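Quick notes on the structure that follows.
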Amino acid sequence: MTGRHNRNQRNRSSRRLLLVSHRPIEQTGGPAARWRAFVRHLPEHGWEVDVVSAGGGDEFASPGHAQARARVMETAGRVSDPLFRLAGLRPEALPLSMLWIPRGVREIRGRLKVGSYDAVLATAPPFAALVAAARAAGDLPLVVELRDLWAGNPAFDRDGPILRRAEAKVVARASAVIAVTPEAAADLRRRHPSARVEEIPNGFEPALIAMRRAPSGTTIVHSGTLTKDRPLTPLLQALRPPLRLVLHGYVAPEIHKEIQQSGAQVELVPPSGWEDAVRRIAAADVALVTQSRGAGDATAVAAKVYEYLALGKPVLCISHGGATEALLRRLGADELCARLDDPASIEAALARIGRGDLPPVATERLAQYERPRLAARLAELLDSLQQPVASPAEAL
């Protein structure tokens, strides 16, 4: 029984989506929050969702294990980097999750054989989900979601041909490609001019708005992962009391070294689940984003940025410019934007924090990023891919 035959047998009000995500969406951490929300809200728009994932435990429920694994992967990446460099890649381009692809293909085909689905959507990273879904979706509409760019992204690619070819194969199979920033969408349209590319940004839960509170101190918080491509040294060199910095989440060894060398007082909090992260952000006064070109800041906006804004936090954005600064500028919230290579701009931003009086972004300006609204946009995209079922009279 083919997927198309199944679609023609289904009623419009009971469409079903097979979501392929290497990371289980039941994980309590931030990376799965987008799809935890979409799975809740899509049924309101006529789409039930089943999930194929690699399974495994919740890394955010065991922060010590997650940090140990991250350190092992960092070490493996440093050792293998010369070989990957020859191939035009960074080690992060081919993580161990790629080994899941054959099993993922079998699981997807098994689900499609016994179930009745109207579309398949693969979300990445991890990018194993894209390859497995492209190989297994059959004649069903396939939607590919790139929450981070793959080919051409300096976080993964060193201008070699391997990722370009792999991405081209996946995109050629897809009925639509989803990007999460205007900059990423423009990049994909440039590289894949025949593809249908839609932007559906990251967002936030509307309940976060009610957690806003007036600032009462000078605590700057960074929530999430700090890799070597998100340097802290420019900020640490300018940081002075009473300003204090809290880093909540995994911190790469290179960043630990920067902290030790600076002598700055920094509070380190291990990774935890999404709800705890939100409480910590709400209790802080300013939220931090630090991002270099090596982290793909030209096209990427960290998902946490939308939650920072929903919670009413001014965002201290230290980067080379790029998508996060552009978002903040569109929202009129770029007063704390500074450049990694411009110490004076960082000092000016910190002085602005010290003076206080940084109003939150108005809720009406953020409404477009509420996840229920984004789920409605996704449902519209999925609806547009469905072929109308001819009535018996029309068939004659």
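The values are calculated or read from the model by the stated rules, or taken from the named source; none is laboratory data. None of these values were measured; they are calculated from a predicted model. Glycine also receives a Cβ, built like all others from the backbone with ideal geometry; neighbour counts cover every protein chain displayed. Heads up: the accessible areas ignore ligands, DNA and RNA and are worked out on the full protein's heavy atoms, side chains in. Shrake-Rupley method; radii C 1.70, N 1.55, O 1.52, S 1.80 Å.
Key figures
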| item | result |
| --- | --- |
| Within the range 263-274, tally of residues that are open to solvent by less than 50 Å² (accessible area, probe 1.4 Å) and either aliphatic (A, V, I, L, M) or under 25 Å from H320 (Cα atoms) (or both) | 3 |
| Inter-residue pairs, beta-carbon under 7 Å, first over 18 Å from Q368 (Cβ atoms) and at pLDDT below 95 and in the range 294-317, second of a type in the set (S, T, N, Q) and assigned to a loop (DSSP other than H, G, I, E, B), 6+ apart | A295/T227; G296/N153; T299/T181; A300/T181 |
| Every residue from the range 244-261 that is surrounded by fewer than 19 Cβ atoms within 10 Å (Cβ to Cβ) and outside any strand (DSSP E or B) | A252, P253, E254, H256, K257, Q260, Q261 |
| Members of the range 265-288 that are touching a Phe, Trp or Tyr at 6+ places or on another chain (Cβ under 7 Å) and either without any contact (Cβ under 8 Å) to a residue 24 or more places away in the chain or assigned to a loop (DSSP other than H, G, I, E, B) (or both) | P271, S272, G273 |
| Boolean, L112 is open to solvent by less than 60 Å² (accessible area, probe 1.4 Å), among the aliphatic types (A, V, I, L, M) and assigned to a loop (DSSP other than H, G, I, E, B) | no |
| Answer from L316, L358 - the residue that is aliphatic (A, V, I, L, M) and either open to solvent by 70 Å² or more (accessible area, probe 1.4 Å) or in contact with a Lys or Arg (Cβ under 8 Å, 6 or more places away or on another chain) (or both) | L358 |
| Yes/no for R329 being part of a helix (DSSP H, G or I), under 20 Å from A214 (Cα atoms) and charged (D, E, K, R) | no |
| Some residue of the range 281-296 being of a type outside the set (D, E, K, R) and open to solvent by 30 Å² or more (accessible area, probe 1.4 Å) | yes |
| Filter result (over 12 Å from the mean Cα position of the chain (by Cα) and in a helix (DSSP H, G or I)) within the range 289-321 | R293, G294, A295, E307, Y308, L309, A310 |
| Any hit, the range 216-232, residues being open to solvent by 30 Å² or more (accessible area, probe 1.4 Å) and not in a loop (DSSP other than H, G, I, E, B) | no |
